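Student: One structure coming up, written as structure tokens, with questions to follow.
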Amino acid sequence: MTPPLQRLSRWLQIAWVIALFGFIAMPMLVVIVFSFDANRFPTIPWGGFSLEWHRAIFSDEMVIDAFLNSVKVGLGTAIFSTLLGFAAAYIDYRWKFRGRSSFVLLVAIPPAVPVTILGMAMLAFLSRAGLFGRTETIMACHVALATSFSMAIIRLRLAELGPELEQAAWNLGASPFTGLVRIVVPFCKPALIASFFLSAAVSFDEYMVAWFVGGVHETLPVRILNLLQGQVNPKINAIGTVVLVISITLVLVAQRFVGVKAGKRS
Amino acid sequence: MDSTAALPAKAGPHTPHRARTAGNPAALPVVLGLPVLVWQVVFFLAPLVFLIVITFWQVRSFRLEPAFVLDNWERVLGAGTFHMALWHTLKVAATNTVLALLLAFPAAYTIALRLPQRQRDLAVAMLVVPVFSSYMLRIYAWQVVLSPEGMVNTALSAVGIGPLPLLGGAFSLQVGLLTLTLPIAVLILTFALSGVDPVLVEAAENLGYRRSRVVLHVLIPAIKPAITLAATTTFLLAFGDYISPLFMTGSKPPTLSILIVDTVKSGSQWPRASVIGVSMLAVLALVFGLGRWFASRGAK
């Protein structure tokens, strides 16, 4: 191509990427910007800066309750899925046994099942088992989903751990357990932290399963879903801003530790 | 479990240490693996198996009772509403898959092959964030933006156009679904294109290939498995989505997910809702099977 054409093509490519990021980012910006709008209904022109709706959600007991439920469920999910995800990733990394791929699949596949079906199935089964309508049940179901992400992150890190270190420890007399605690866990620390924050984020945004199995216990996304199905409520943008800020923070922290990079090119 | 195979022999003099710490090394995989196994079986596998089981159960005076009847299957699979919803959902998901791939590829190409490392990392970070941030809220925002009094129509009326009925049809539904699927499609393709050996591209360029031929004959074949992955993931998400059909089209026409929730809500029709769910899983399994076959075909 001739240089001017080449420059044009380069410009078009960059413009396309910017347009695409605009499309992806705009809805989030809309929620955040309109949460500070004095108008009751989100329309332009903007009605002026106001903290009214942010203040209003702090006195809304159902929102506060939902928030606390979300924190509880999210924290539990973060802890348990990181533990289980680590165990699953380490087993996959360390041992060869019959049924290993089925074992890994059992952990990896839940996010591939549509949440509507999963929520319905969990409700049908767990209500039979007498576990319906508890925050602990929401958490347990979120763990079944989020462990998949934890395992993936930790397994990626383990792939970088050569077998020599552990073997050296064994040869020096460490038990597999000691090797695990002294070598593998410290090596995986960044991935464990990333997994913690990412599974919290997964739980913090999940609405369908929480909606089905939670009964009267609403998490924040479920509260939003119920609000959205009712009348227009100006508090939604304010709640949404809180939810977005929390999940974006969780994901960014996770990303900081996982260090995902699209392949290096010279 | 054959754990010993992977463990090297321990040096003799140090064996006493081993006895002091953890005892039988074969116990470790079991201790680590059992909780994971139990958890996933109780909270994931058993519910899905139970879902299949109750498709054969009966509802008598609003109570679900164990039985073995094919009535639910016959009723759902024979119903016109189910056929229409299935066809509509397939069409919507397929359209979304094509759109997502076409829109994502040029962006992924630029991010992976044209941007410097730092900007590429930033782009990846900006794509990962929306994947894990409230989809439902973003759909609500689109509702606000596309509504008759929304931002787009206000802007259009300033230049004398509109108001356009942007909300409530195929257009808004695809906007909603792309909000869900586009970042993921771009991510998958970006990672794949970043992994393509630059030597391949250079060689093709040195041979006088034009850019379009490099893309068609070098890049696309090189990342075929990733394209398949992006396509199947997009299809899966769009096929199973509940939020966009609900808020962007007001459930008209209903998709299968909408049908499931409506069937559950409309009184204890759990068996019929389960039939719809199991049918959806069958369709997805089929799509994944096709995807795997397609990705492996010709791959050496």
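Student: Does B:Val144 qualify as being crowded, with 19+ Cβ neighbours inside 10 Å, more than 22 Å from the chain's Cα centre (by Cα), part of a helix (DSSP H, G or I) and free of Cβ contacts under 8 Å to residues at least 12 places away in the same chain?
Tutor: Yes: the conditions hold for B:Val144.
Student: Let me ask you something else. Take B:Val199 and decide whether it is at pLDDT below 95, surrounded by fewer than 19 Cβ atoms within 10 Å (Cβ to Cβ) and part of a helix (DSSP H, G or I).
Tutor: Considered against the rule, which asks whether it is at pLDDT below 95, surrounded by fewer than 19 Cβ atoms within 10 Å (Cβ to Cβ) and part of a helix (DSSP H, G or I), B:Val199 comes out as yes.
Student: Return the pair list, or none, for Cβ contacts closer than 7 Å from residues in segment B:51-67 that are closer than 20 Å to A:Ile117 by Cα and modelled with pLDDT under 95 to residues that are polar (S, T, N, Q) and in a loop (DSSP other than H, G, I, E, B), at least 6 apart or on different chains.
Tutor: Pairs found: B:Val59/B:Ser268; B:Val59/B:Gln269; B:Leu64/B:Ser268.
Student: Next up: Within segment A:1-44, how many residues turn out to be farther than 17 Å from B:Met136 by Cβ, within 34 Å of the chain's Cα centre (by Cα) and either more than 8 Å from chain B (Cβ to nearest Cβ) or modelled with pLDDT under 75 (or both)?
Tutor: 14
Student: Pick out, from segment B:205-250, the helices (runs of 4 or more DSSP H) lying fully within it that include 2 or more residues that are open to solvent by less than 30 Å² (accessible area, probe 1.4 Å).
Tutor: B:224-240, B:243-248
Student: Limited to segment A:184-239, what total is found for residues that are within 17 Å of A:Asn69 (Cβ to Cβ) and either among the hydrophobic types (A, V, I, L, M, F, W, C) or away from every other protein chain (no Cβ under 12 Å) (or both)?
Tutor: Within segment A:184-239, residues that are within 17 Å of A:Asn69 (Cβ to Cβ) and either among the hydrophobic types (A, V, I, L, M, F, W, C) or away from every other protein chain (no Cβ under 12 Å) (or both) number 21.
Student: List every residue pair whose Cβ atoms lie under 6 Å apart, where the two residues are 6 or more positions apart in sequence or sit on different chains, the first residue falls within segment B:96-119 and is facing another protein chain (nearest Cβ under 7 Å), and the second residue, located anywhere, is assigned to a helix (DSSP H, G or I) and charged (D, E, K, R).
Tutor: That search, which allows pairs on different chains as well, returns B:Ile111/B:Arg120.
Student: Keeping to segment A:98-122, report how many residues are among the hydrophobic types (A, V, I, L, M, F, W, C), open to solvent by less than 40 Å² (accessible area, probe 1.4 Å) and within 8 Å of another protein chain (Cβ to nearest Cβ).
Tutor: 10
Student: Hey, among the residues in segment B:255-272 that are surrounded by fewer than 20 Cβ atoms within 10 Å (Cβ to Cβ) and closer than 28 Å to A:Pro27 by Cβ, which one's modelled with the highest pLDDT?
Tutor: Restricting to residues being surrounded by fewer than 20 Cβ atoms within 10 Å (Cβ to Cβ) and closer than 28 Å to A:Pro27 by Cβ, the top hit is B:Asp262.
Student: Counting only residues that are crowded, with 22+ Cβ neighbours inside 10 Å and within 12 Å of B:Thr234 (Cα to Cα), how many does segment B:95-122 have?
Tutor: 4
Student: Considering only residues of segment B:163-196 that are part of a helix (DSSP H, G or I) and surrounded by fewer than 17 Cβ atoms within 10 Å (Cβ to Cβ), which is farthest from the other protein chains (Cβ to nearest Cβ)?
Tutor: Taking segment B:163-196 first, the residues part of a helix (DSSP H, G or I) are B:170-194.
Narrowing the set further to residues that are surrounded by fewer than 17 Cβ atoms within 10 Å (Cβ to Cβ) leaves B:170-171.
Numbers: B:Ala170: 17, B:Phe171: 14 Å.
The residue in question is B:Ala170.
Student: Can I ask one more? Assuming B:Arg138 fulfils every condition listed in (1) within 30 Å of A:Thr219 (Cα to Cα); (2) open to solvent by 20 Å² or more (accessible area, probe 1.4 Å); (3) basic (Lys, Arg) apart from one, which condition is it?
Tutor: The one condition B:Arg138 does not meet is (2).
Student: In addition: Please determine whether any residue of segment B:62-80 is open to solvent by less than 30 Å² (accessible area, probe 1.4 Å), assigned to a loop (DSSP other than H, G, I, E, B) and among the β-branched types (Val, Ile, Thr).
Tutor: Checking segment B:62-80: not a single residue is open to solvent by less than 30 Å² (accessible area, probe 1.4 Å), assigned to a loop (DSSP other than H, G, I, E, B) and among the β-branched types (Val, Ile, Thr).
Student: Can you find a residue in segment A:152-159 that is within 9 Å of chain B (Cβ to nearest Cβ), modelled with pLDDT of 85 or more and either more than 26 Å from B:Pro35 (Cβ to Cβ) or assigned to a helix (DSSP H, G or I) (or both)?
Tutor: Filtering segment A:152-159 down to residues within 9 Å of chain B (Cβ to nearest Cβ) leaves none.
No, segment A:152-159 has no match at all.
The values are calculated or read from the model by the stated rules, or taken from the named source; none is laboratory data. Because the structure is predicted, anything quoted here is derived from the model rather than measured. Virtual Cβ from ideal backbone geometry, glycine too; neighbours counted across all protein chains shown. When the accessible area is computed, the model is the full protein with side chains, heavy atoms only, and any ligands, DNA or RNA have been set aside. Shrake-Rupley method; radii C 1.70, N 1.55, O 1.52, S 1.80 Å.
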